[in-house]
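To start, the structure itself, in C-alpha cells.
The values are calculated or read from the model by the stated rules, or taken from the named source; none is laboratory data. Please read all numbers here as calculations on a predicted model, not as lab measurements. So basically every Cβ, Gly included, is an ideal-geometry build from the backbone, and we count neighbours across all protein chains shown.
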Amino acid sequence: MSDARAKAKFKEYTVPTAQSEPYKMVLGPDGNYWFTEFAANKVANITPAGKFAEYNVPSAQAEPSGITVGPDNNLWFTEAHADKIAKLTTAGKFTEYEVPTASADPSVIHSGGGSVLWFTERGGNKIGEITRSGKITEFTVPTADSEPSGICIGPDSAIWFTEDAADKIGRMTTTGKFTEYLVPTLSSKPGGIAPGADGALWFVEFNGNKIGRVTTAGSFTEYKLPTASAGPFVIDPGSASLLWFTERNAGKLGSITTGGRITEYAVPGPSGGEPSGIAAGGSPIWATEFNANKIVSLTP
C-alpha cells in the first residue's frame, strides 16, 4: 500500500552560506541537527528552533560528506576530496586524520560501538575502521571497483554496506571477513542502508527506484516506489516499525513500514530542492535540500 499524496506540515530554513549544498545530516548529541555543506566546505548545525551555526573545515575544498555521532559524543565526518576523516566537537573544534589510501574518496561513516567508527571508500574500494584516537585500518572489498557507499552496523554486530557499482550488499565482520549478496534488480545502484526494527537491513535503490530489504542470511525483498524515477538516496530508522528516506529526483521524503507500506511527502518548492540527507531519530523529521540550499523539517 502507498499514499503519494500525503499531506504534512513542512518548515524550511535557508542555510546562511549561499549555494552551500547541504548534504548528509545527523541528530547530534546536543539535540541539534548537524549537517555537511559539500560545496561551502563547512559543517553546520541547526537548532530545533531554526538557528544556524557554521564551522569552516580546516582542509580546503575537502568536500565534507557523510556525518555521524561517534562513541565519544563528537561529530565525525568524511572529507571526500581531501581523503580525510575528521572529528568535530559540538564547540566547533576540528581534528583531521588522513586516510592511508590515496584517492580513497571516503563517503559514509557510521559509529560502530565501543571505540571505533566504520566508513566506506568509494574510490579506494575499501571499508575503513577508525578508532577514537584516529588510527585507521582498511579492508579491501572482494569485488573490484564496487564503489562501496552506504554503511551501517547490523543486528548481528557485523558491518553492512552497499556496493553502488556492483549491485551488491556487502557484509564484513570486525576482523575483515566478507560476504557479498547480489541485489535482485540489475543496475539498481544501491545507496543508503540502515538497520530495521525487524532485524533486517533496509536500503535504497537509486536507479532501481525501490526500497530493498535483506535479512542477515541474505534473503531479499524489494518494494517499488509509487513515484517513477524518484531516486531514493539515503535511509534512516525512525520509530519502532518505520524507516525514512529521501527521494532526491522526485523532491520528496518517504517512509516505509517494516511491513512494506510506503508513504511519500512532497517537499515544498518547484523541484523539492533535491532532498539528500535525513535525520529521523527525533520528531519532527529533518532533511537537507541539496539544490535549494535549505534545511526542511517535516511533521507527518
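Applying the condition of being in contact (Cβ under 8 Å) with a residue 60 or more places away in the chain and small (Gly, Ala, Ser) to segment 131-170 and asking which residue is farthest from VAL204 (Cα to Cα) yields GLY154. If I go through segment 52-86 residue by residue, how many of them are among the charged types (D, E, K, R) and outside any strand (DSSP E or B)? So the answer is 3. When only residues in segment 177-224 that are in contact with a Gly (Cβ under 7 Å, 6 or more places away or on another chain) and of a type in the set (A, V, I, L, M) count, which is farthest from ILE153 (Cα to Cα)? Per the stated criteria, the residue is VAL183.
Here ALA102 meets the list (1) touching a Ser or Thr at 6+ places or on another chain (Cβ under 8 Å); (2) in a loop (DSSP other than H, G, I, E, B) almost entirely, failing just condition (1). Listed by first and then second residue, the pairs with beta-carbon distance under 7 Å, at least 6 apart or on different chains, first residue in segment 281-300 and touching a residue at least 40 places away in the same chain (Cβ under 8 Å) and of a type in the set (D, E, K, R), second in a loop (DSSP other than H, G, I, E, B) and crowded, with 24+ Cβ neighbours inside 10 Å, are GLU289/VAL267.
Quick one: is ILE262 surrounded by fewer than 23 Cβ atoms within 10 Å (Cβ to Cβ), of a type in the set (A, V, I, L, M, F, W, C) and either farther than 21 Å from SER20 by Cα or modelled with pLDDT of 95 or more (or both)? Explain how you work it out, then say what you get.
On the way: surrounded by fewer than 23 Cβ atoms within 10 Å (Cβ to Cβ): yes; of a type in the set (A, V, I, L, M, F, W, C): yes; either farther than 21 Å from SER20 by Cα or modelled with pLDDT of 95 or more (or both): yes.
Yes; evaluated as a whole, the condition is true for this residue.
Just for segment 171-188: of the residues that are without any contact (Cβ under 8 Å) to a residue 40 or more places away in the chain and buried (at least 22 other Cβ atoms within 10 Å of the Cβ), which one is farthest from the chain's Cα centre (by Cα)? Across segment 171-188, the extreme among qualifying residues is VAL183. Looking only at segment 210-236, residues that are part of a loop (DSSP other than H, G, I, E, B) and either crowded, with 23+ Cβ neighbours inside 10 Å or touching a residue at least 24 places away in the same chain (Cβ under 8 Å) (or both) come to 7 in all.
In segment 22-36, the residues that are assigned to a strand (DSSP E or B) and modelled with pLDDT under 95 never reach a residue that is surrounded by 20 or more Cβ atoms within 10 Å (Cβ to Cβ) and of a type in the set (S, T, N, Q) with C-beta atoms less than 7 angstrom apart, at least six apart or across chains.
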